[in-house]
Amino acid sequence: MYDVEHILITHTHEDHFSLSGLLDKRRAQESGGRPLAVYLSEAGRAYVETLIAAAPLSGEDRRWIASHLAFVGLEHFQEYRIGALAVHTVTGNHPGHGANERAIGYLLGLPSGKSLLYACDTGYFAEATWNYLAGRRVDALILECTFGGRTDRGEFPDYHLDLASFLRTLQRMERIGFIDERTAVYATHICPHQSLSHFEL
């Protein structure tokens, strides 16, 4: 972990972003000598700066953050080069703590030539996201299925998917050619407080 230089954050909710977790890196015996770049939406970056300014941190902690962590704001629906990866930012239908913050999914072009979409906390995508995905294809998809067996959230829920809307999302992805029978599909971010066991899901 000393060699990690880049972290991609989807949004600023506590189960996805932890300032104290980043500060734990300060306690490592080695640091690799490189700053850690933390990427998140521009609205998320602004929220984190406010969070740091208000946090009860020591002067030593603040100096360490300033010299070892670089918070980088990303715009939605843009392509970036981060380390060895081509990274496209995809907008989820899920708010974060920042003003007008929306979760970012990361469409990654890997050095192997394969591609992956990591989309955690999405809800059913808005049309702008569907339009951005059209004409692209991924080899692997990691998609949230937070509310599993719940059936009370409507066909196209905001904030989080359930099993029915997860499958509806996959069907639309298949229709636009974004996934096919060769795509590895993974469900993640599954809440324990829903009606299905792991086996039933």
Of the numbered conditions (1) open to solvent by less than 70 Å² (accessible area, probe 1.4 Å); (2) touching a His at 6+ places or on another chain (Cβ under 8 Å), I52 satisfies every one except a single condition; which is it?
-> (2)
Among the strands (runs of 3 or more DSSP E) lying completely within the range 27-93, list those that include at least 3 residues that are touching a residue at least 12 places away in the same chain (Cβ under 8 Å).
-> 36-41, 69-74
Identify all residues within the range 121-138 that are surrounded by 18 or more Cβ atoms within 10 Å (Cβ to Cβ) and closer than 15 Å to D158 by Cβ; write none if there are none.
-> D121, T122, G123, Y124, F125, T129
Kindly list the number of the only condition in (1) aromatic (F, W, Y); (2) part of a loop (DSSP other than H, G, I, E, B); (3) open to solvent by 30 Å² or more (accessible area, probe 1.4 Å) that fails for F17.
-> (3)
Give the range 94-114 a look and list any residue that's open to solvent by less than 30 Å² (accessible area, probe 1.4 Å) and assigned to a strand (DSSP E or B), or say none.
-> H94, A103, I104, G105, Y106, L107, L108, G109
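For (1) in a loop (DSSP other than H, G, I, E, B); (2) surrounded by fewer than 17 Cβ atoms within 10 Å (Cβ to Cβ); (3) under 22 Å from the mean Cα position of the chain (by Cα), each residue gets a yes or a no:
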residue: H160; (1), (2), (3): yes, no, yes
residue: S165; (1), (2), (3): no, no, yes
residue: R168; (1), (2), (3): no, yes, yes
residue: M173; (1), (2), (3): no, no, yes
residue: E181; (1), (2), (3): yes, yes, no
residue: Y186; (1), (2), (3): no, yes, yes
residue: P192; (1), (2), (3): yes, yes, yes
residue: S195; (1), (2), (3): yes, yes, no
residue: F199; (1), (2), (3): yes, yes, no
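The values are calculated or read from the model by the stated rules, or taken from the named source; none is laboratory data. Owing to the predicted nature of the structure, the values given are computational and were not obtained by experimental measurement. We place every Cβ from the backbone using ideal geometry, glycine too, and count neighbours over all the protein chains shown. Ligands, DNA and RNA are excluded from the accessible area calculation, which covers all protein heavy atoms including side chains. Shrake-Rupley method; radii C 1.70, N 1.55, O 1.52, S 1.80 Å.
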